[in-house]
Amino acid sequence: MRVVSLVPSLTEAVALTVPGALVGATDWCTHPAALDVARIRGTKNPDTDRILALAPDLVIANEEENRAPDLDALRSAGLEVLVTEVRTVTQAFRELERVLGACGAPVRPRWLDEAEAAWAAPPEPGTRTTAVVPIWRRPWMVLGRNTFAGDVLARLGVHHLYAAHPERYPRVPPDELRAADPDLVVLPDEPYRFTAEDGPEAFPGLRCALVSGRHLTWYGPSLAEAPRVLGEALRAARP
């Protein structure tokens with residue numbers, strides 16, 4: 001198999017499970033760190049000519065991360081494109097099995113078993129916590145309805161306050177976020193890179209948790225350690 005991945009988490013999953021299958025990946029595919037394949041620009045602006053030149057047997061994509069016109073262009077050029085849809089942790093496991101099988105994985109990888117076991121009994125959440133979860137600023141955007149990251153947090157006992165919003169990633173000004181009076185502000189380091197110096201200052205007096213965006217939003221090998229890593233970060237939240 002010759003595979004091009006347009007999704008960072010799927011890139012990591014395929015690279016670890018079917019070594020040698022990947023021939024191309026996006027510039028945002030940072031794991032595994034030693035991955036040595038052709039780079040085809042970003043998830044939203046892939047170099048379709050470069051992808052065609054790689055002559056892949058399969059292109060793997062995601063309905064949220066990748067643009068339909070780009071995927072249609074690849075199909076029109078004769079390439080097979082497998083598109084995943086992931087809105088929950090359970091759905092992630094199902095889609096990962098589908099992708100790895102399509103990429104020629106001979107057996108189910110051990111890391112996938114470990115990930116399912118980790119989420120079968122995530123850490124006890126304790127009392128229910130409310131949160132707002134910014135994922136961008138300039139303009140400020142937060143998690144809304146029906147998102148994978150929202151399901152991850154819910155399984156850890158964190159209810160984000162815009163889960164019923166009509167939009168999946170609504171734009172909400174910080175004064176409105178503060179007025180929602182959450183127990184916690186969850187600030188991931190991707191897609192926007194929130195840091196201790198960039199983000200918490202917008203929410204004075206509120207507890208802020210700086211969390212790994214890879215563990216919050218990626219569905220791949222990182223799922224095995226995500227409950228522990230995120231749980232520790234949430235417990236370490238401070239004003």
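The rows are residues; the columns are (1) over 20 Å from Arg98 (Cβ atoms); (2) β-branched (Val, Ile, Thr); (3) part of a loop (DSSP other than H, G, I, E, B).
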residue	(1), (2), (3)
Leu16	no, no, no
Asp27	yes, no, yes
His31	yes, no, yes
Ala34	yes, no, yes
Thr43	no, yes, yes
Leu52	yes, no, no
Pro69	yes, no, no
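Can you name the condition, by its number, that Leu100 falls short on among (1) over 27 Å from Pro188 (Cβ atoms); (2) surrounded by 15 or more Cβ atoms within 10 Å (Cβ to Cβ)?
Of everything listed in (1) over 27 Å from Pro188 (Cβ atoms); (2) surrounded by 15 or more Cβ atoms within 10 Å (Cβ to Cβ), Leu100 misses just condition (1).
Could you list, in sequence order, the residues of the range 226-239 that are surrounded by 15 or more Cβ atoms within 10 Å (Cβ to Cβ) and part of a loop (DSSP other than H, G, I, E, B)?
Ala237
Could you tell me whether the range 81-94 includes any residue that is in a loop (DSSP other than H, G, I, E, B), among the β-branched types (Val, Ile, Thr) and in contact with a Phe, Trp or Tyr (Cβ under 8 Å, 6 or more places away or on another chain)? Outline the logic, then answer.
Residues of the range 81-94 that are in a loop (DSSP other than H, G, I, E, B), as a first pass: 85-88.
Restricting the remaining residues to those that are among the β-branched types (Val, Ile, Thr) gives 86, 88.
Subsequent filtering for residues that are in contact with a Phe, Trp or Tyr (Cβ under 8 Å, 6 or more places away or on another chain) retains 86, 88.
Checked against the condition, which is being in a loop (DSSP other than H, G, I, E, B), among the β-branched types (Val, Ile, Thr) and in contact with a Phe, Trp or Tyr (Cβ under 8 Å, 6 or more places away or on another chain), the range 81-94 yields at least one hit.
We did not get these values from a lab; they are worked out from the coordinates using the rules stated. Note that the structure is predicted; figures quoted are calculated from it, not measured. Virtual Cβ from ideal backbone geometry, glycine too; neighbours counted across all protein chains shown.
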